[in-house]
Amino acid sequence: MDPLAESGYKQHWFFRYKLYQIPFWCGYQYLWWVIAMGNPAKAAHSILFTSFFIKFLFYLTFQIIAVCFNLYYLIPVYLEKGKYLAYGIYLTLTILAASWLIVPGYYLTAFAAGKTAQEFYGTMNCFYFFISTSFPSTLASMTLAMSIKLTKNWVQTERRQQLLEKEKLETELRFLKYQFNPHFLFNSINSIFFLIHKNPDMASDSLAKFSELLRHQLYESNDQKIALNKEVTYLENFIELEKLRQNDNLHVTFETDYALNGHLGIAPFILMNFVENAFKHVSRHVDQPNWIRINLEVENRRLHFSIANSSSPNVSNEVIRYGGIGIKNVQRRLDLIYPGQHELKIDNNRNSFEVALHVQLSALEAPHLNLVS
């Protein structure tokens, strides 16, 4: 279902199987008959009560097949993936094939009327039927269908962009609330303060990480997509600061095979939501291990991100509702930013909470490629 559709909406079978195209193209073909005959009643009578019904059925059937083949196979597989030459070739072959398949309808119509094509139409030349009627009609039908499809896609894209802008503003406000709250700032600074006397070198390093964390949140996450290496560095800094605030009974691992070259982009704070949730809702056991395991891999521009944390039964359910800006909000952002390009799996078990996210990334444009720090 389109991410812009309302949650819980179940599409009627008539629309789910796109059967609305049948009455639409029936009306379209009828309109052409009205234009050709100059009389709506005469056109309806010819289609319904004469052998011309056969020719009408041939036009309707093969043009619907050609249109659907183009809209639901050629455009997604070739045009939307930039394979313009292949798309042009297959589209041309589709139009020619549909046009030729309509031609036998002329002969069957004449046969049903008890006449030959010569007697019925004044000619038996199949090329005449192809060039004069079936090919121009099929070409017009394909052009109309593509115009409607492209207009619909443009409207959906514009609407999705507006929702993204609204979602981005709301997300930024939520992050200011959850990340820059006095509790977070106080604990981070307080941990660094105690490190100054205990381990000055570690305190200096932690202060640098804290500075990078704030700089990233304030200045480097304003674009719709940022360099993946920036997001990974941000996660590492956040994890190191959180580890300072936790007790020694928490074991945190963060493994990644991603080479930080800065060429791939990702929407900011997508991964951060899950990391923040893990620290906020990790178990606080005294007599058994508490752990957080994070893994990040990139294969052929596809990001594989997984995170799991130990959990207590009494707090495992709360992570869905109260963790960070909320899992529901993250799913919403993923639907808007990566429609059809992501998979999100969440397992809320009794003793652990696990998230697996797979996202198809894209290369950043040239201005972003120099953001490696």
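Could you give me the residue pairs with C-beta distances under 8 Å whose first residue belongs to the range 84-98 and is over 18 Å from PHE129 (Cα atoms), whose second residue is of a type in the set (A, V, I, L, M, F, W, C) wherever it lies, and which are 6+ apart or on separate chains?
So the pair list comes out as TYR87/LEU74; TYR87/ILE75; TYR87/LEU79; TYR90/LEU74; LEU91/LEU74; LEU91/MET142.
With respect to ALA44, determine if the residue is aliphatic (A, V, I, L, M), within 29 Å of LYS149 (Cα to Cα), open to solvent by less than 50 Å² (accessible area, probe 1.4 Å) and more than 37 Å from the chain's Cα centre (by Cα).
yes
Test each condition in (1) open to solvent by 50 Å² or more (accessible area, probe 1.4 Å); (2) outside any loop (DSSP other than H, G, I, E, B); (3) within 19 Å of ASN348 (Cβ to Cβ) for GLU255 and report the one that comes out false.
Single failed check for GLU255: (3).
Name the single residue, out of those in the range 15-73 being in contact with a Leu (Cβ under 7 Å, 6 or more places away or on another chain) and touching a residue at least 40 places away in the same chain (Cβ under 8 Å), that is nearest to SER141 (Cα to Cα).
Filtering first and then ranking leaves TRP25.
Which ranges mark the helices (runs of 4 or more DSSP H) fully within the range 86-131 that have 1 or more residues being of a type in the set (Asp, Glu) and open to solvent by 70 Å² or more (accessible area, probe 1.4 Å)?
In the range 86-131, the matching helices (runs of 4 or more DSSP H) lie at 117-121.
Can you pull out the residues in the range 154-208 that are among the aromatic types (Phe, Trp, Tyr) and modelled with pLDDT of 75 or more?
TRP154, PHE193
Show the residue pairs that are 6+ apart or on different chains and have beta-carbon atoms under 7 Å apart, the first residue being within the range 190-202 and polar (S, T, N, Q), the second being open to solvent by less than 80 Å² (accessible area, probe 1.4 Å).
Correct list of pairs: SER191/LEU244; SER191/ARG245.
Answer yes or no: is there a residue in the range 141-157 that is open to solvent by less than 40 Å² (accessible area, probe 1.4 Å) and more than 30 Å from LEU336 (Cα to Cα).
The answer is yes, given that some residue of the range 141-157 is open to solvent by less than 40 Å² (accessible area, probe 1.4 Å) and more than 30 Å from LEU336 (Cα to Cα).
Looking at (1) more than 29 Å from the chain's Cα centre (by Cα); (2) open to solvent by 60 Å² or more (accessible area, probe 1.4 Å); (3) more than 25 Å from ASN125 (Cα to Cα), which is the only condition LYS83 fails?
For LYS83, the failing item is (1).
The values are calculated or read from the model by the stated rules, or taken from the named source; none is laboratory data. Since the model is a prediction, treat every value here as computed from it, not as a measurement. Neighbour counts are summed over all protein chains in view; Cβ atoms, including those assigned to glycine, are modelled from backbone coordinates with ideal geometry. Keep in mind that these areas ignore ligands, DNA and RNA; they rest on the heavy atoms of the full protein, side chains included. Shrake-Rupley method; radii C 1.70, N 1.55, O 1.52, S 1.80 Å.
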